[in-house]
Every structure is written in structure tokens, then in C-alpha cells.
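Just below is one structure, and these are the notes that go with it.
The values are calculated or read from the model by the stated rules, or taken from the named source; none is laboratory data. Values in this document were obtained by computation on a predicted structure and should not be read as measured data. Neighbour counts are summed over all protein chains in view; Cβ atoms, including those assigned to glycine, are modelled from backbone coordinates with ideal geometry.
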């Protein structure tokens, strides 16, 4: 089949590749319709590796996908050919200890699309376990379906935060994950979000999506704004989607006594942590990794209109222009949030 | 001052009554502007008692109120004359054990407006602790401010439920508390509400307020509808706002494995509880009593527009027509949700 | 192989039965060494059914077992022949929705030993999934290993209770489950247990096992004793291991504001539930069904000596006397707690 | 009255000081009988300050105390003269926002004994709120009563950890707080503790107090030991009582997927935090500050014998030798855990 292949760092091909996939009893075969480009896809393209994961052989990119079921295995009962679906890109070992506890995202043996050496989904069809394939509500398009994966990260963060209804939250970072986290936190119970970034166009877009107060970190002091708006009490929750070395300290400073910080961004190096500053507030710090069990929840919130991801899809490309799509991502405009490829 | 006084069962007066109130250092004096009529006000009017609470002497009614600060005690720092506010009607003993644990609603010595022998707030002014007086956001009217008290019940229910973002919930009962619980559950993270009642007009009103699926319990089988809509899995959460003897059994039947039921309605008699039916789902059952710490959260959600209570205010009366307002409440139309009195 | 077979109600045989079991890749074959008799085994013997589960064909009894690994499947890495082990008797469908969430005990398709039509383990060997087979610490005997199953019920109850260190608990019922729940609650953080029953010998035995205050329900008023001992505040937690119709009401009365009740016992009929009495305390009611993920925890607590189940094993029989063991169980003395059969 | 006064850094006096204290309606007057020396007392003595808290005027030291009630205010109902008691040393502002939420330890206006400018309790009598004064069980001595304060730190840590019964925990640091945390974690539900330190005598003492595995950090690799003992899974919980810059990284490495770390020790500088290492395990990090609501729990656990603090009291001094006690603390032997002064 013809796929978008990362041959090696900085070299993409749209070419034939042999990807024999047999359909197991609990699998479905899916025709891919839309795939979003994630920061990790771009990072593999630009650097050939992410930390210990190195691209040593040609690898198909892409892990944010929606499509149509073509064929089902004999043991599949809740999906049928023709169903419009989106997919979780990581398949854990079902016998792993973390998996059995219900925390399958922590299984060290997970096979995740477009994480070397596992091929991604920028190709016409994939075979996937039915248990990780989810039917799209009728009001959710393929483009929106392909946004469920990044939304799941934000929704998982919102879930681990244990939001109490009406909580005030800070989200640091107005890239796709930051904005989706803001939307997830609002849908998940927050009354208001303070969203900080240094790029005004992204903040401007996000500010129109709900009770989101944009804070331009170049011009305003996040902590001061939050403390002023909360009667010097602080935010109930802080989500960091930047991974910036100063985010943790800023988050602790913005937090109310007894509040919680959720670390989504992945800093490249250890960051300084002022433990005592956190202790005097008994800050709880949650760290998250991908997501578990949230795809159905994301779809339910999109179905009811509580989350609308469409404004975040800023550029779309045809599959034949897939390499151009990566070029666009590599030189992203300040207004770019999410680039998708249609098959 | 002139107040709406329940002289005895079925006998209301709008008359002068001496209510000397001295302003303590941490108190504020408030001019009352709007008071809602609660089911408990009506019950005292019609029956002269609620359970062990018997009206043995003339008592001013009313506990859902908003107004304007007239005067503050010398120790009050966060309110000022002219502030538009709403008030929590129950004042706990600050030294009580439950209060100190942060669960002041469970303090047995709480003094609650319009619960005998404590006078309510259907009168021109009250003195109230600043700690239980909350400033209204500029976009929240007195009428909406007087809705915070019943909304607080629903919001407390939503909080105790520990909603995970995207949860599907059932709410039984489409009176004011039921609808406000539905709105609170949606604002608090639910993706969808199945709301059941026997009165079509109330369901019709509620169905326009968000992703709320009305279920006319006379015509449809709630459990069957929920199971069908959830792929035979069941609702994540069930809220009962009816107190009906069959609500618990129905709630257990509608629940998913590992779900939770929140009991808000207060049945007059013990209800039958099929423990085994709950056990096979490991149902968690939360019981709630009034609310604690949720007024600021309710106001934050009204401020951001996530909760709009205005459609629920169906009738309004002038203070001089206060007795007629109770007459209206006693013979409520199917379209009546909340009746308020303006001072 | 020779097994203890319930031919039909009230008729047991120790006889040859063909039980062909093939060893799958992730299975182990186990030589059974000790099996405890559970109330459910006895109930099937005496009544031929438990609720909807009816013995329609000869069925091997027994589900509380320990033994030695004889053989392992090719995919088994963490067990080896010769390992001393105990086993969880219920095997869920690994693809079921509850299973994937980590709550496999709620899977409706679970296959549970000695629950019709699934054969139990009163036989020389069984084949079992390695994932539900647990190595015994060196200081834990087969007899103790066969106690892990009933202990797991108590430990799951203690886990769902969410004990805060130092909590005071009530346990109703001093049968095997009640006493094991008391031991689990103490090991799990409680400072003190009030244990009620009507049989003085069981209470006497239990009172020697830790800070357990026995309450003879025929002579003392549980609620009065608890309230007196807690300065009229009430117990933090109540565990019911009786299923008695009055247990819930008594539990609510004994509870402190904000406390929790865990319902372990399974009443034969719906029980009366005074919702308002629970509401004024905001009682949380947890219902539990068997257990999940607690076998390793039970073994860890037995390994460290925090739980010692040996005093509860009051009678032991040889396998050839297995029918007599059931006779003993059917006419249990007041001093009998747990009867075991050694193979 | 005669008190042990820190005149300034490194200069202690046992001298008369005027400390006029009037008994409020909800206060009690207490004759002090035993006071333990805390690391903070020693730090003020040696350095004249802890962070922003600087001793600018003579200050009485001591905040770990037990004594006898001499006199009660007219509003006190649950204490009487002659009662043997211990006291929480921090008195929050009862109107503060954190206090009202039940988290009074986070109130920024707390007045805490022996934290400048508030005098401590190394003196014959103190006046204290009854709400923060707790009656000792009859089997708890004054010496043990004076250990409740440091035990409360460990017990609060154990509470915030949310131990599940049978959890395996690591405690770093075998000083008083570390060992008390280990005892609290065991009493609170852990099955086993790995306790690390560099001082063999402290480890030797601790190893005799329960299922505590000592790890000499100079000779053994904590992470390797824990991973080996847990089948390469890791510890459920890690408590750091050292504040050492490497503790967090080591804790993350020793943790199982989904585990939690509680930071008790207070590093003098920001510590490096490898966020990604925590994320791949979704580590939860709790920070704690002193304690709230745990004195009664500590006493309940001492009453039942689940926690025995007596082995930790290694040196005792008469009040007249109080200055020598501080000298002993300043040059502590490796076997010293807790030094107390009797009045």
C-alpha cells in the first residue's frame, strides 16, 4: 500500500510499502480517512528520534486518525463494516500488570503507532483491535474524529486533576494540547480558564472558545493576574502543557492552598522544584502519560456539543500533498494549531 | 419591620414584627431584594411542620435570598456597603466537630433560616455573618442570586458524585432541584443527562437547557432507555431528586457497574433497598444534606455563563403580594418551576 | 480424577469424574493441597441453589484453595513447578468492559469455581490462569493460603471503605467473613473494631485477635456502646457482614457524620433504608462484590505478620472424609469458624 | 514564670519571663509535664532562624508537649481539670478560608509555638484552646503524649498518601520523623516498609519496630533492593523524610506505575525533578505541611497499641537541665532519636 514513510531524519516519501496485516478474531480493518499531524510526528521528521526512541528503519508516520470499518473479525460484536470510527493508537499487552489494573497507558510493552519500530497510520488501511476502535457519533466528522487523540490527552489531564465543579484553572501553553486541555477542563467542570502563551494569535483564537482569559506571558504576569482575579487565593488547578523549565515554579505560585498541578508537557531536562513552596500549600502534583479509557468520554462530549474542536483545525492537506503538510508543520505560522491530512 | 410571617399552619400575615438584630464584628447588614419560595417554605405553610421541626410560634419564612450590603461590622474586610450579595441561610456552630472538619452542613447545631424556631428572610433587612455572604458577579441579577441557594443543593450533589469528565447521568425529578441538579451535573462535567418526570411541561422546559434527554416516566421506561442509549452498560451516575420509594431501585437498575447514586430527595418513609442488586455493580451510594462550600462555585459558574438559571424563574411577585405568591405555589401549574418575591 | 461432587441438593459423592483440562499458554496446572469450605459451598449442598444459580448437573464443590504448581504453559514466566500457590477462583472475560477498567469482579461473564455450571476445586488438580495464581510467601502454609480467598473479601471491603489511619470501625457479624473483615480493617489502618454478633464463642475468639471490642447483640446495644465510646460522635466506618435486614439502619445510627458503611452481607430480600437518617450524616454507602486485585495484598499482609488467619481454622478433615466435613459444616458448633479439607 | 528562653542564636537561658495569659471562654490552662526537642527548636538555637522566620527577640522554645489541665474556660465542656492531655502547637485563624475548608494547617495566619514571634511551651503552664487540646488515653504516658506532635507529621503523611491495605512503602530517612512515618504507614495499612538512611544505629533501632527492612544507603542501592523485592514492579508509596536533593529522583525510580510520593522533608534549595521519569509512571506527588485533624487518630492508634513510640525516646532531661538537653541535641549521638525534657 502507499504510505507516508519517514525514511530517515528529514526525509519523507509517499511510496509503496509492504505492511501485511492479518485480521485477528477481535480486530477490525479500517480505511483511514483523516490523520492529524502531532508534534511527535514532526519531531521524528526533524530529529529522527524522541529521547530513547530512534528511527532506525523506514517508518510510517501518523497516529491521530479516523476512518471507516471495512471488515471485522469473527469475535467482534459491537462494530460493523461501514461504521465511522476513530482509534486509540496504543495497544498494550493485555496480560501486563498495569493493564490488568486498568492503567494500560503505563504498560511498558505498549505498541504505539509511529513510535519506532511501530508503523503509524498515514496509509490507506490499518488492522486494529476492536477494543481500541470507537464509533463516531453522527454529528462528529472524520476531521473531528482525528482530533479525539490529542483531545484525549487533555481530557485525561482533566480527569486526573479531579476537578470540583466550578474550579478555576490555569493552563500554560496555547498549542493544540494546551487549548484542548482548556476545553477539556471547561467541559469537565471548571468555571474559568486562565490560558497563557507567548503567541498572541493562538491566544486570540482560544479566547473565543469559552470562558478563557488569555494571558500573554510576554506582557502580563500570570501569577499576579490569577491572584488578583481570585482575591489573592490562587487557582484551584494548574495544567502545564509547555514543559518549560519555569512552569512548575509558576504553577506553584499561582495555586491556591490545597490545589493541584497536572504536568502534561515533557521537559527535556530535569526542572527545578521548590518543594517548600509547594508544601506550604500542600500542592498535589499529578503527572500524566498519554491517556486511558477517555476516548468514549471525548466522543460523548463532542456528541453533546460540550467540546467543539473544529476551530482548532487550521490547515488541511490531501494525502498526495502529505509531504507538503509536514513542510507546513515544520514552518508553522503563529496561527497554526492543527494540520490534518485527508485520505 | 414588616415581614411575611407564618402565624400557624395555613395562616400567613404580612405584618410588623420586632426582629432586633445587632451587628457583630464579623457580620453584615443586608437589604433583602429577592427571595425565592422553596418547597420547604410551602411545606411549613401547608403542614406547619417538616418532620421533627414544628412551627410553634409565628415564624418569618424564606431562605433563598439576594440583596445589598447596607452596613458591615468592624472585622469585615472583603465586603462593603453597596455590594450586591447572596447568602447561605445556615449558620453552623464554628466550634462544632463537623464544622472544624470542613463539613459544616452536618453540624447538628446549625441555625437555618425559616427552620423553626429560626426566622427566615422574607423581610426588609437581615444581619448575617460575612463568611456566609457572597458578592454577586456583575452579570448576575438579584433574581439569579436568589437561585444560588437551590442551585447549591444540585451543585453539592454534583460535587459529591465525583463526576469524571464525560459521564452520563440520570436525574430523577424535574422540579427546581432536579433541573438545577441536571444543570450542575452538566456544568460539572457530565456529557449528557437523562431527566425523568411525569410532568411533560417541566420536561419540555428542561430539555431546552442543554444536552438533556427528557423521559416521561408515564410513557417511557427510564431503565430501558438508558440501557439502550449506553450499549446496555448503564449510566455512570444517578441523581434522585424525587425521594420516591421506587427511585433507589430504579437508580440501581439504570446504573453501570462501578457507578454511583446520589440521593437528594428525602423520602417520608424508609424505602426498600435491594442490596444484592447494588452489590453486583458495586454501586456507591452518596447521601447529601444541603451543601457546604459551594456558593462561590455556583457564582463562578453563573458568572461564566456555564449555568443559566433564568429560565427556571417562572413567576415573580411583589413583596406586598407575598401571600398571593404562596397561594400560587400551593396551586402550582405544571409549568411552574420557581416563584420569587421581590422586595 | 476423584473429586467431591455435589450430585444434587443434599447428596454429595467422593467419586471419579472426568474433568479434561488442557493447559493453555498462560495457564498453570496445580496440585490442590487444601480447600476451605465456604458458606456458599454449604448453601449449594443444603439448598441446591443460590438465587438464580441452580445446580442442575453434578458439580465439584470448593473455591478456597492452595496447592503446588505442577506444570506451566509456555507463556508463563513468573511461576515455576514446585511453587506453593493460592488461586483466585473467578476468571473474568479479559475483553469485558468492566475487566478492562480494572474492575474484573464486576464482569458478568466471570467463570467462578463451584458456581453452577462451573466445577470447583475439591479435586486433585486444576488448570488455572497464571494471572490468577499467586505464590505463597515462605511463612504462609497451605492452610493459610486457602484462607486468602475469604480474607480477600474482607480486604476488598477494607479497601473500598477508604480507611483513614486511626479510623474506628464497627463490624457486624463474627462469622469467617466478619472476623476476617475486622482483621483486614485493623491491618488496613483502623485503630479499633467494635465487633457484634449473637454468638459469644465467636466473639470470644475474635476478641483475642487484636483491638477488637466484642459486643453481644443479645445483651448490649451496639449503637449505644459505639456512641458512648466515641464521645457521641459515632464510628468512622461500619462494615456489615450479616446481611441482616436491620443491619443498615443500625449501621447508619452508629455512624459519625461523614462516615461510610460497607455492605458485604447479602440480604435475601430488599431491606428498609431510612434515607433521611443517612442524609443528615451524609453517609456514604459502598456495596462490594467479591474482590479484585487484593490477593497479592492479602499475602503481603500475611507475610509480614500483620494478619494471622490461623486462629480461625477451627476444624480440618482429610479429603477422604470430605463428606463428613460438610456434615460438620451443616451442624456447625458455635465455636466453628472455618473448616478445611486437606488433599 | 521560669522558661527555657532562646535569647538569641546559640544563647539559651532558663530564666523568669513574664508571659501573661488570660483564659478565654474556650481555653484551658495546662501544666506542662513533658516537652520533646524538635529539629526546628535545635535549628533556631543553632542558627537563630529558619528561612524567613528570624528570632528577633527572646523566645521560649518547645512545641511537642503533654501536661495536665489546671483550669478550664466557661465554654469548655469536654475537658476537666486533672485531665492528662497533649496539644497541637498551631492555632489557626478560625475565620480563614483554608481553616473553614478544614485545612487549617494551610492558614497563613496560624500562630505556632516556638515559631517567631510566638513563644513555645518549655515553661510551667500555658493557656491553649480546648479545641486543640486532646485527652491522653490511660495507657499513654506524658512522654508518649509529647511524641504525638512529631507522630502527627508522619500520620498526616500516611493519610495524604491514601494507603491501600497491603501497600509496600519506602521511607527515606531514619530520624524521628522518618521512623514515625514508617510506624504511621504500617499502622495505616502498609504491609512492609523499606527504610533507608546512612546511620546504621538508627536503622538497627527501627528494624526492630515492625516489618521494616533497613537499607543502609552507603552500602546498598535502595532502588535495586526495592525493585528486586517487588518483582521489578516498584513500591506503591514513597515517603521522603530527608529533604535531600536526590530523594525525589530516587523516589521516582523506586516507585511502581501509578504510585505516589509524599514529600515531608524540606529541602533548603529547589531540587531537580525529572518530570518525564515521573510521567511514564503517572507518579502522584503529595506535599505536606504539618498536619490537620490527626491528633485524635494518633492517640487512638497509641491507645490500641498499634503504634508504640517509646523506643524512640532515647534521652530524657529534667527541666533544670534543659540547656544541657539542647547541648545533647546539638551533638547528637548516632543512637539518639528523640530527646525530651520533663517539667
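Any residue at all in region D:8-24 that's in a strand (DSSP E or B), under 28 Å from residue D:293 (Cβ atoms) and within 14 Å of another protein chain (Cβ to nearest Cβ)?
In the first step, residues of region D:8-24 are kept if they are in a strand (DSSP E or B); the result is D:8, D:11-16.
If we keep only those that are under 28 Å from residue D:293 (Cβ atoms) too, we end up with none.
No: zero hits.
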Some residue of region C:196-211 being within 9 Å of another protein chain (Cβ to nearest Cβ) and within 18 Å of the chain's Cα centre (by Cα): no
Filtered residue count, region A:157-191, keeping only those that are over 30 Å from residue B:152 (Cβ atoms) and under 14 Å from the mean Cα position of the chain (by Cα): 8
Test: residue in region D:48-62 that is out of contact with any helix residue (DSSP H, G or I) (no Cβ under 8 Å at 6 or more places or on another chain), more than 26 Å from residue D:326 (Cα to Cα) and modelled with pLDDT of 95 or more: no
Check on residue B:82, on the phi > 0 side of the Ramachandran plot and at pLDDT 95 or above: yes
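Just to be sure, is residue D:98 in contact with a strand residue (DSSP E or B) (Cβ under 6 Å, 6 or more places away or on another chain) and within 14 Å of another protein chain (Cβ to nearest Cβ)?
On the way: in contact with a strand residue (DSSP E or B) (Cβ under 6 Å, 6 or more places away or on another chain): yes; within 14 Å of another protein chain (Cβ to nearest Cβ): yes.
Considered against the rule, which asks whether it is in contact with a strand residue (DSSP E or B) (Cβ under 6 Å, 6 or more places away or on another chain) and within 14 Å of another protein chain (Cβ to nearest Cβ), residue D:98 comes out as yes.
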Residue ID - nearest to residue B:93 (Cα to Cα), chosen from residues in region D:79-99 that are out of contact with any helix residue (DSSP H, G or I) (no Cβ under 7 Å at 6 or more places or on another chain) and part of a loop (DSSP other than H, G, I, E, B): D:94
Complete set of residues in region A:101-110 that are surrounded by 22 or more Cβ atoms within 10 Å (Cβ to Cβ) and either out of contact with any helix residue (DSSP H, G or I) (no Cβ under 7 Å at 6 or more places or on another chain) or not assigned by TED's automatic domain parsing to the domain that holds residue A:132 (or both): A:105
Entirely in region D:235-324, the strands (runs of 3 or more DSSP E) that have 3 or more residues that are in contact with a helix residue (DSSP H, G or I) (Cβ under 8 Å, 6 or more places away or on another chain), surrounded by 20 or more Cβ atoms within 10 Å (Cβ to Cβ) and away from chain C (no Cβ under 14 Å): D:255-263, D:284-287
Residue tally, condition in contact (Cβ under 8 Å) with a residue 24 or more places away in the chain and farther than 27 Å from residue D:305 by Cβ, over region D:89-111: 7
Unmet requirement for residue B:131, which otherwise passes all of (1) in contact with a helix residue (DSSP H, G or I) (Cβ under 8 Å, 6 or more places away or on another chain); (2) not assigned by TED's automatic domain parsing to the domain that holds residue B:335: (2)
Condition met for residue D:258 (touching a residue at least 24 places away in the same chain (Cβ under 8 Å) and under 24 Å from the mean Cα position of the chain (by Cα)): no
Test set (1) part of a strand (DSSP E or B); (2) more than 14 Å from every other protein chain (Cβ to nearest Cβ); (3) under 18 Å from residue C:145 (Cα atoms) - residue C:28 fails condition number: (2)
